[in-house]
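Colleague: Submitted below is the structure of interest, expressed as structure tokens.
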Amino acid sequence: MTSPNQAANPAPTAEEPVLRAPENENTLATLAIPLGETILTLTANGTPIYGILQRSRAMTEQSDFFRLQFRGYARADGHRWQLFEGEDSHFQAAHNCAWVRVDRPSRTVTFGPKSGVQASPGFVGTGLDTFLFASVISWAKGICPDHAISPGMIAMNQTSSEEERLQRNAFYASQGFEFEWQDANQRSALYFKDKVNKLLGVWNKELITEVGGEAMLQSLARQDETRAELEQRLEKLESVHDNLKRALQKERTTAQILTGVLILFAICGLWAVI
């Protein structure tokens, strides 16, 4: 006989698997294995900034987690490099970071950090936040384009300006997200899109350049070739300099001999007169 509870809550069948809650992104971050590092060049007010971009990934039975993290190395000030210090020079989980979590059972994708992609003070205005967000979007489009997107919440505090609100909204809208406003002043909202493949994943490629390992090797090879050419030219110039120095020394010696001879003749002439 079937009990009332069993009738009200029938056991799941093989066709109806039990959906588990998505795995915690912090747990997945601890499992993430670095996939490699590349050099990232940013531009701030015409000044080049160089740093390290690290990719990492964690894969479990339930989830696929992908993360990008950036740490600054140096700012080029003319011919001098100023090394970054503090939070700008370290990999972080809150700043200069973006991630995406794919939950396989529910076929949903969640973008993070939950508080939004934020650049640390040294990289504000460089487009780093847009690059990181667009990059994880592009990765998700390549892995699970037909998955749904879990909405995210964005909110501005009461002290934020109208310009900051517009910039925040434009940040998400530029990637193809839509908004569901939570208040009349549009200070808080859910950002969403029904499918991953409808997002854009774009950034200003004139401001940010990623240099891979092969390009770095090519650059080093060109530098070695240029240095070898300069060394050859320097050797030739040093050889010419040595030849000129020897010729000049010879001229000086000859002039000294002639001067001595003339002085001797002059003395002999004086003796003859006397």
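Colleague: Can you show me the helix-derived [θ] at 222 nm for the chain, built from DSSP H runs with n ≥ 4 at -39,500 (n - 2.57) apiece and divided by the number of residues, rounded to the nearest 500.
Modeller: After summing the helix terms and dividing by residue count, I get -12500 deg cm²/dmol.
Colleague: Another question about this same structure. For the range 21-171, what is the charge dipole size about the Cα centre, in debye to the nearest 20, if Lys and Arg each add +1 at the Cβ and Asp and Glu each add -1 at the Cβ?
Modeller: 240 debye
Colleague: How large is log10 of I(q)/I(0) for the range 132-181 at q = 0.13, 0.15, 0.21, 0.28 Å⁻¹ when the intensity is taken from the Debye formula with one equal scatterer per alpha-carbon?
Modeller: Those come out to -0.40, -0.51, -0.87, -1.21, one per q.
Colleague: Let me ask something else. I need the P(r) histogram for the range 18-215: all alpha carbon pairs, bin width 5 Å from 0 out to the longest distance, whole percents.
Modeller: With 5 Å bins starting at 0, P(r) equals 1, 7, 15, 19, 19, 17, 12, 7, 3, 1, 0, 0, 0.
Colleague: Report the residue, chosen from 244, 19, 35, that carries the largest GNM mean-square fluctuation when the chain is represented by alpha-carbon nodes joined by springs under 10 Å.
Modeller: Top of the fluctuation ranking is 244.
Colleague: Could you name the aspartates and glutamates in cross-link range of residue 198, using Cα to Cα under 16 Å and dropping any fewer than eight places away on the same chain?
Modeller: Those aspartates and glutamates meeting the cut-off are 146, 178.
Colleague: Next question, about the same structure. Would you list 183, 64 from fewest to most Cβ contacts within 10 Å?
Modeller: Arranged by neighbour count, lowest to highest, 183, 64 become 183, 64.
Colleague: Could you name the lysines whose alpha carbon sits less than 25 Å from that of residue 236, not counting residues in the same chain fewer than 8 places away?
Modeller: Reachable lysines: 245, 250.
Colleague: How many nm is it between the label spots at residue 231 and residue 194, if each spot is 7 Å from the Cα in line with the beta carbon?
Modeller: Simple spin-label model gives 6.5 nm for this pair.
Colleague: Give the relative contact order (percent, whole number) for the chain; include only Cα pairs under 8 Å separated by 6+ residues. Could you put the intermediate results ahead of the total?
Modeller: Numbers: 387 pairs, mean separation 38.0, N = 274.
The value is 14 percent.
Colleague: At a 10 Å Cβ-Cβ cut-off, how would you order 236, 193, fewest neighbours first?
Modeller: Ascending number of Cβ neighbours within 10 Å: 236, 193.
Colleague: Here is a further query. Any chance you could check the Cα centroid distance between the range 96-133 and the range 39-89 for me, in angstrom?
Modeller: 14 Å
Just so you know, all these numbers are worked out from the coordinates, no wet-lab data involved. Predicted model only: the values in this text are computed from it and were never measured. Heads up, the Cβs are rebuilt from the backbone with ideal geometry, glycines too, and the neighbour counts pull from every protein chain shown.
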